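Structure first, commentary second.
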Amino acid sequence: MFNRAEIVDKNFVAFLRGWSSEPARRAAPDEPVVDGTHLSGGELLELFESQITARHLDLIARELRARDVGYYTIGSAGHEGNVVLGRLARHTDPAFLHYRSAAFMVERSRQLPEIDAIRDAILSQTASVDDPMGGRHKVWGSGPLWVLPQTSTIASHLPKAVGAAMALARTRKIGVEPPVPPDSIIVCSFGDASTNHKSALTAFNTAAWMSYQNLPVPILFVCEDNGLGISVKSPPGYIEQGFETWPGIEYFRADGTDVVRAYETASAAVDYCRRMRRPVFLHLKMVRMLGHAGTDFELDYRSLGELVASESRDPLLKTARIVLESGLLGAPEILDRYEKTRSRVAEVAEDVLGDIERLTTPKQILAALAPFTPGAVKAEAERDDYRDRRLEKFGSKKELPESAPPKHMAALINLALHDLLIKYPQAVVFGEDVAKKGGVYHVTVGLEKTFRPGRVFNSLLDEESILGHAQGCAYMGLLPIPEIQYLAYFHNACDQIRGEACSLQFFSNGIFRNPMVVRVASFAYQKGFGGHFHNDNSITALRDIPGLVVACPSRGDDAVGMLRTCTALADVDGRVVLFLEPIALYMTKDLYEPKDGKWLFPFPPPGEAVTFGTERVYHEENNDIAVITFGNGVHLSLRAARVLEEKHNVKARVVDLRWLQPLNEQAVARHAKECGRVLVVDEGRRSGGISEQLFTTLVEQCDPVPPMSRVVGHDTYIPIGPAALEVLPSEVDIVQAARELVQKKAVRS
């Protein structure tokens, strides 16, 4: 009784069987189908065929799910009007699509006849390894069609779509050849409820902010408005009122269930966006049919009358009526095409299922997640074939960074960024305040002057926009090095890394990638300045992001060598890297005594890099205890180690992890086995910090397990003023914990 898919299917068939009217005229396939449109009869029939195909893909998805061989039932029924964009936008216009985009995909596939849209959709529904995106998730995606797979498409894809539009314009400015034609536009579709999401508002605001300043942002926002956010109704007229007058964004509106009128409006919107290079909001009124997904029992929140009214607005019924009234086809001909498409879809489904292979091992599943080619990365990190360009930029051999006296970390990172921008002409540095001001801590000072605003520029005060822009830059062939001003600010936009950037290679089977090196000013020990948001010591949220590389230098020369490797990881393997820079060590010059200068280091010349995953070891000859640490903990532990040796005759080996994700577990185990006792110094919090992973590693990798202890931060936010140091590890804490630990018998293996 309540199988709405069956009812909608039967309604369409009954409509055709009951049609008896004769057309007033018979339209020629090469003439406009109705007065006032540019859409010819032949084009309309192709659009109609794509709509029919999309409908049968919805129906087969539910059949396959009932047989437990299909795994996705969010359909496109009622949204088949997006078929017009599949025709009007080029297949080289990158598309970030709403999940109800079957008609768009089928129609866009016409532009590349070698692509079988039906087979690709069913391969995806059934999680086949032959799915163009690898069978890891049901997504609309295609490399040749430039449809980038989206994992949620609620709104988190909007910032990166805007980023791609901004980056496409920037490629021309800095002389980089983009992977798509320079007059391409970005297509980004979403539902009406998604406009309420902060990610969507970030995207609209960023696009408008740029456009308001007459900067090019060629993005076509397509709002497919069916009036529902799953079960929650959108207020009537809300979208119109909100977007008709949004400064910097041009607004177009059409009935998306009327393919002819939608075609005309969408044609004008696409033309405006491509010609003017400005953001466009195309508002298509749709209708949702068959529920949100196959498991959605709509009668829980909609009346039967509402369902019937929605189904009466079926776009296929409207298109069929136009075809019939224009005389392009008769009802029996349409019905014949409808049933032949049903048979074709069913045949493809059985063919796919007859020879299906699915992912069956962790190795298969993980293959596309975090590619790593050690030899190529090392070679790229050490590549130094840009020496002539360095001389030109720096002026002379005497002015090269490696010719300068030792410097602190902030100065060496600044020089490393100069070096990387020389080495990689496609690299761009951006973030809040990074241009003329040179960043809050002056780490990027002078970059804009040397490389001009095309390559070094300020962003909006919005981390989600910054990370969305980074992804867009990567899609368009740039190598983004964005800056997030403080670690706490990163959490405002964490999903752009967790849900979007780090998932792209995984869900696209490696076809698409968004390499980037995100620099983040991090951690505490700033003598109580600024309070929590300037002293965040938590990296817990970063450590479980699949595929993410987390690097953390504690000294300037390591920062240079690690940045070279991080950039190589991005360039060679498409990796996403978070580079955590300890703020308290930016300007640190001394280690043991005031003015000893022992935390100043020379600039490593080109050709030198820190190998991915390798630790730095201090006092490797010592084996009373291994102190394993990172970041500020290295500086503290070295000072503590001197006290331990001079006052307590304890010889400590200090191990700087440098790479926090993935963790080099073999190195950790080696030092533990050689020293027989392990003290972990983790400036993060007791709960969720890296110390927990290190302890787990020691238990799993060492037999017998050596005595171990940890010095960690308290489970609290960092307060302002001197109180900050009361909740963070201290040199005194390290000495005391080490002394207690050496009372226990060492266990070496």
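Read-outs throughout are calculated quantities, based only on the coordinates presented, and are distinct from any laboratory measurement. Quantities reported herein were computed from a predicted structural model and do not represent experimental measurements. Cβ atoms come from the backbone with ideal geometry, glycine included; neighbour counts cover every protein chain shown.
Rounded, prolate or oblate: pick one for the stretch 234-340, where a ≥ b ≥ c are the square roots of the eigenvalues of its C-alpha gyration tensor, a/c under 1.5 means rounded, and failing that, prolate if a/b is larger than b/c, else oblate.
Verdict is oblate for the stretch 234-340.
Please work out the FRET efficiency for the pair E264 and L461, using the Cβ-Cβ distance as r and a Förster radius of 45 Å; give the result to the nearest 0.05.
0.70
Does the stretch 12-151 come out rounded, prolate or oblate by the C-alpha gyration tensor, with a ≥ b ≥ c the root eigenvalues, rounded set by a/c under 1.5 and, if not, prolate when a/b is larger than b/c and oblate if not?
oblate
Assign one of three labels to the stretch 616-741, namely rounded, prolate or oblate, based on the Cα gyration tensor with a ≥ b ≥ c the square roots of its eigenvalues; rounded applies when a/c is under 1.5, prolate when it is not and a/b is larger than b/c, and oblate otherwise.
Oblate is the answer for the stretch 616-741, as a/c is 1.5 or above yet b/c matches or exceeds a/b.
Could you work out how far apart the two model spin labels at I230 and E645 are, taking each label as a point 7 Å from the Cα in the direction of the beta carbon, and quote it in nm?
Roughly 6.0 nm, to one decimal.
Specify the inter-centroid distance of the stretch 301-316 and the stretch 386-418, based on alpha-carbon positions, in whole Å.
Comparing the Cα centres of the stretch 301-316 and the stretch 386-418, I get a distance of 68 Å.
Taking the Cα centre of the stretch 597-749 as the origin, how large is its charge dipole in debye, to the nearest 20, when only Lys and Arg (+1) and Asp and Glu (-1) carry charge on their Cβ atoms?
It works out to roughly 320 debye.
Would you mind ranking W599, W140 so that the residue whose beta carbon has the fewest other beta carbons within 10 Å leads the list?
Taking fewest neighbouring Cβ atoms as first place, the list is W599, W140.
Can you list the HN-Hα couplings for the stretch 367-376, worked out from phi with the Karplus curve (6.51, -1.76, 1.60; θ = phi - 60°), rounded to whole Hz and with x for Gly and Pro?
Values per residue, Gly and Pro as x: 3, 9, 5, 9, x, 8, 10, x, x, 5 Hz.
So, by mean Cβ neighbours within 10 angstrom, what's the order for 450-459, 422-431 with the highest one leading?
The most tightly packed comes first, giving 422-431, 450-459.
Could you work out how far apart the two model spin labels at W246 and E347 are, taking each label as a point 7 Å from the Cα in the direction of the beta carbon, and quote it in nm?
4.5
Could you give me the ³J(HN,Hα) list for the stretch 436-451, computed from phi with Karplus coefficients 6.51, -1.76, 1.60 and θ = phi - 60°, whole Hz, x at Gly and Pro?
Residue by residue, the stretch 436-451 yields 4, 5, x, x, 4, 10, 6, 6, 9, 4, x, 5, 5, 4, 7, 10 Hz.
Going by amide H atoms built from the backbone, whose H comes under 5 Å of the H on V518, apart from near neighbours?
Placed amide hydrogens put V577, L578, F579 under 5 Å from V518.
Ranked highest first by average number of other Cβ atoms within 10 Å, how do 737-743, 52-58, 282-288 line up?
Listed from highest to lowest mean packing, they are 52-58, 282-288, 737-743.
Taking amide H positions as placed in the peptide plane 1.01 Å from N, state which residues far from V434 in sequence (5 or more) or on other chains have amide H under 5 Å from it.
Here G439, S459 satisfy the definition.
Sorted by average packing, counted as other Cβ atoms within 10 angstrom per residue and highest first, what order do 616-624, 474-482, 388-396 take?
474-482, 616-624, 388-396
Karplus couplings for the stretch 707-718 from phi (6.51 cos²θ - 1.76 cosθ + 1.60, θ = phi - 60°), rounded to Hz, Gly and Pro as x?
Those phi angles translate into x, 8, 8, 9, 10, 9, x, 6, 7, 7, 6, 8 Hz.
Charges at C-beta only: +1 for Lys and Arg, -1 for Asp and Glu. How large is the resulting dipole of the chain about its Cα centre, in Debye rounded to 20?
1680
At 222 nm, what helix-only mean residue ellipticity would the chain give, in deg cm²/dmol to the nearest 500, using -39500 (n - 2.57) for each DSSP H run of four or more?
Helices in the chain give a 222 nm mean residue ellipticity of -12500 deg cm²/dmol.
Can you work out the PRE-style zone for R321? Point 7 Å along Cα to Cβ, and I want the residues of the stretch 229-266 with backbone N under 12 Å.
257-259
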